[in-house]
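J.: Mind looking over this structure? Questions follow.
The values are calculated or read from the model by the stated rules, or taken from the named source; none is laboratory data. Everything quoted here is computed from the prediction, not taken from an experiment. For neighbour counting, all protein chains shown are included, and Cβ atoms are generated from backbone atoms with ideal geometry for every residue, glycine included. Ligands, DNA and RNA are excluded from the accessible area calculation, which covers all protein heavy atoms including side chains. Shrake-Rupley method; radii C 1.70, N 1.55, O 1.52, S 1.80 Å.
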Amino acid sequence: MTENVIEISRLGKSFGALEVLRDIDLTVRRGEVVCVIGPSGSGKSTLLRCVNLLEDPSAGTVVVDGIDLTDPDSDIDAARRHIGMVFQGFNLFSHLSVLDNLTIAQRKVVKRSKADAEKVARANLDRVGLAEKESAMPPQLSGGQQQRVAIARALSMEPDVMLFDEPTSALDPELVGDVLAVMRQLADEGMTMLVVTHEMQFAREVADRVLFMDGGGIVEQGPPSDVIGAPKEERTRAFLARVL
Ligand code: ADP
Ligand code: MG
């Protein structure tokens, strides 16, 4: 196993003439929790989407588990299986039961048997506190429960790293805590995590490192006590003054 799960160097991304990311260097070590903060439009989602090649980088390299995803000869689909992603919207199949949502990719992509896939799925539903909901349909669940199902679904692919893009932003305030608690538990279990979030308290308590992004670049990074507690850069201070 490689010590660094993610190694990004000199990453750039443009959409036509619009340069959205420039010269991003970022390494995430195994077991590390990195939170990304920054204003809307600063490139946070695009950065995450470049890590699993939902977006094709315009420049630079993205290496995950030692596999260069930007090398056309790499097996991107195989590499992607080790990357779990959780979005703001839960993207569950509304016509499939919770259990089937968790088994479908395992069966189609990893070719697990029904019995094996269900065993993994049930273990992960238990992990997010939803063992009793396996027969429910997603629309019957609260937003917080749906997001925990989405996390359990990603975990069922047994990823080496989990990417979270504002996983609690679409939730009613009273449902945010349960999702953050599951993420905190994953962090405690040693999961490698790259988390875009506006939850500053979570970032302060759970992140090993916080990155502040603005204008497509990393402006400042370090332990949360520095970046959130005592930011060096004026742009970081101005952002925090708006959100804290
Ligand atoms: P954030 O997640 O920090 O809010 P994004 O990564 O979503 O920022 O977007 C950064 C910039 O890239 C924004 O100006 C956005 O409009 C632009 N952008 C994102 N995706 C696309 C796309 N598919 N085509 C064109 N522009 C895009
Ligand atoms: Mg975003």
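J.: I'd like to know if segment 67-74 contains one or more residues that are among the β-branched types (Val, Ile, Thr), more than 9 Å from ligand 1 (Cβ to nearest atom), modelled with pLDDT under 95 and surrounded by 16 or more Cβ atoms within 10 Å (Cβ to Cβ).
T.: Checked segment 67-74: at least one residue is among the β-branched types (Val, Ile, Thr), more than 9 Å from ligand 1 (Cβ to nearest atom), modelled with pLDDT under 95 and surrounded by 16 or more Cβ atoms within 10 Å (Cβ to Cβ).
J.: Name the residue, out of 215, 229, that is within 16 Å of ligand 2 (Cβ to nearest atom) and over 20 Å from the mean Cα position of the chain (by Cα).
T.: Sole residue among the options that is within 16 Å of ligand 2 (Cβ to nearest atom) and over 20 Å from the mean Cα position of the chain (by Cα): 215.
J.: Among 142, 169, which is of a type in the set (S, T, N, Q) and out of contact with any His (no Cβ under 7 Å at 6 or more places or on another chain)? If you could, list the steps in order and put the result at the bottom.
T.: Values: 169 fails: out of contact with any His (no Cβ under 7 Å at 6 or more places or on another chain).
The match here is 142.
J.: Identify, from the list 54, 92, 48, the residue that is open to solvent by less than 50 Å² (accessible area, probe 1.4 Å) and touching a helix residue (DSSP H, G or I) at 6+ places or on another chain (Cβ under 9 Å).
T.: Working: 54 fails: open to solvent by less than 50 Å² (accessible area, probe 1.4 Å); 48 fails: touching a helix residue (DSSP H, G or I) at 6+ places or on another chain (Cβ under 9 Å).
Of 54, 92, 48, the one residue that is open to solvent by less than 50 Å² (accessible area, probe 1.4 Å) and touching a helix residue (DSSP H, G or I) at 6+ places or on another chain (Cβ under 9 Å) is 92.
J.: Restrict the check to segment 133-155 and report whether at least one residue is within 16 Å of ligand 2 (Cβ to nearest atom), over 13 Å from the mean Cα position of the chain (by Cα), free of Cβ contacts under 8 Å to residues at least 60 places away in the same chain and closer than 19 Å to residue 101 by Cβ.
T.: no
J.: Looking only at segment 1-52, filter to residues that are more than 10 Å from ligand 1 (Cβ to nearest atom), hydroxyl-bearing (Ser, Thr, Tyr) and modelled with pLDDT of 95 or more; which one of those is nearest to the chain's Cα centre (by Cα)?
T.: Per the stated criteria, the residue is 27.
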